[in-house]
Amino acid sequence: MFEADVLCQRIAVIDHGKIIALDSPAELKKLVKDLSVVELEVFGVQEEALDKLRSLPFVESVSLYNYNQRQQILVQTPKGPEAIPDLIASLNGIRVGKVTSREPTLEDAYVRLVGRHE
């Protein structure tokens, strides 16, 4: 997605064979300007914990990425860094490493558009 953001003037987002968005990267990113992304490095998270995160009223989207022995949870939320204590508390004892908050990217806009939950 980084390359598309840098190199493309227009991007089409396709979901289930249909174009659901067609615009410049900057305009697509405006779709998520109301969100922040909290990245949580975790170890040994199970699907039940992800479901608990998804059920929080201030969470729009949760994605999980596996990297060998560590995992990364990406949470889209309008609360930004203020959501971090509640997110960690809802993980209920799961080992958490690095936690960061950042502005949304083109990939985050894609996640919102297709409504993907991994």
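Read phi for every residue in the stretch 75-82 and hand back ³J(HN,Hα) as whole Hz from Karplus 6.51 cos²θ - 1.76 cosθ + 1.60, θ = phi - 60°, with x for Gly and Pro.
Using θ = phi - 60°, the values come out as 10, 8, 8, x, 6, x, x, 4 Hz.
Taking Cα pairs under 8 Å and at least six residues apart, what relative contact order does the stretch 1-82 come out at, in percent?
Relative contact order for the stretch 1-82 comes out at 27 percent.
A 23 angstrom limit on the alpha carbon distance is what I want to check against. Which of 29/98; 52/98; 33/79; 18/52; 29/52 exceed it?
29/98; 18/52; 29/52
Calculated from DSSP H runs of 4 or more alone, at -39500 (n - 2.57) each and per residue, what is the 222 nm mean residue ellipticity of the chain, nearest 500?
Numbers: 5 runs with 37 residues, N = 118.
Roughly -8000 deg cm²/dmol at 222 nm, from the helical runs in the chain.
Let me know the volume per residue of the alpha-carbon convex hull for the stretch 32-114, in Å³.
91
Pull out a ≥ b ≥ c, the square roots of the eigenvalues of the alpha-carbon gyration tensor of the stretch 33-77, then state rounded if a/c is under 1.5, prolate if not and a/b is larger than b/c, and oblate in the remaining case.
Judged from the Cα gyration tensor, the stretch 33-77 comes out oblate (a/c at least 1.5, b/c at or above a/b).
Dipole of the stretch 32-114, Cα-centred, from +1 at each Lys and Arg C-beta and -1 at each Asp and Glu C-beta, to the nearest 20 debye? Don't jump to the answer; show the numbers that get you there.
Details: 9 positive and 12 negative charges, 30 e Å.
Dipole of the stretch 32-114, to the nearest 20 debye: 140 debye.
For residue 42, which sequence-distant residues (separation of 5 or more, or a different chain) have an amide H within less than 5 Å of its own amide H, given hydrogens modelled in the peptide plane?
Amide H neighbours of residue 42: 71, 72, 73, 97.
Karplus couplings for the stretch 55-65 from phi (6.51 cos²θ - 1.76 cosθ + 1.60, θ = phi - 60°), rounded to Hz, Gly and Pro as x?
In residue order, the calculated couplings are 7, 5, x, 9, 9, 8, 8, 10, 10, 10, 10 Hz.
FYI, it's all coordinate maths here, none of it is from the lab. Treat the numbers as computed from the prediction; the structure is a model and nothing was measured. Cβ: placed from backbone, ideal geometry, glycine included. Neighbour counts: every protein chain shown.
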